[in-house]
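Before any comments, here is the structure.
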Amino acid sequence: MTQGDEVEDMSILLEEVKRQIPSITAVSSGAIASDYQRFRVENVCSRLGLVSLAYLWKQDQSLLLQEMVTNGIVAITVKGKKGPLKLDS
């Protein structure tokens with residue numbers, strides 16, 4: 001286990017949730033297009049005997065965004081990573 005690894009942090013958290021709520025059987029994530037993220041959640045769920053649910057998986061991102069705006073969802077980006085940003089001057 002790597003200290004500070006978000007996957008291991010998620011595993012520790014879900015182990016505690018299972019301890020406190022033994023009837024839990026699944027985890028829902030917001031993965032839409034990232035295999036990397038979906039696989040990480042699925043891996044933790046598999047190790048803990050939980051089902052991974054990704055209801056938004058491979059949905060049209062433009063339609064999802066429009067639905068969020070229409071329903072008044074306010075989103076704040078906490079962290080993003082795609083590579084270096086190129087600033088237009």
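Identify the residue in the range 6-32 that is among the acidic types (Asp, Glu) and exposed (fewer than 12 other Cβ atoms within 10 Å of the Cβ) and, among all such residues, is modelled with the lowest pLDDT. Don't jump to the end; show me each part of the working.
Initial filter on the range 6-32 (among the acidic types (Asp, Glu)): 6, 8-9, 15-16.
Next cut, exposed (fewer than 12 other Cβ atoms within 10 Å of the Cβ) only: 6, 16.
Values: GLU6: 84, GLU16: 96.
Per the stated criteria, the residue is GLU6.
When residues of the range 13-50 are filtered for being part of a loop (DSSP other than H, G, I, E, B) and β-branched (Val, Ile, Thr), how many remain?
Taking the range 13-50 first, the residues part of a loop (DSSP other than H, G, I, E, B) are 21-25, 29-34, 49-50.
From what is left, the residues that are β-branched (Val, Ile, Thr) are 21, 24-25, 32.
Qualifying residue count, the range 13-50: 4.
The values are calculated or read from the model by the stated rules, or taken from the named source; none is laboratory data. Remember, predicted model here, so these are calculated numbers, not experimental data. Neighbour counts are summed over all protein chains in view; Cβ atoms, including those assigned to glycine, are modelled from backbone coordinates with ideal geometry.
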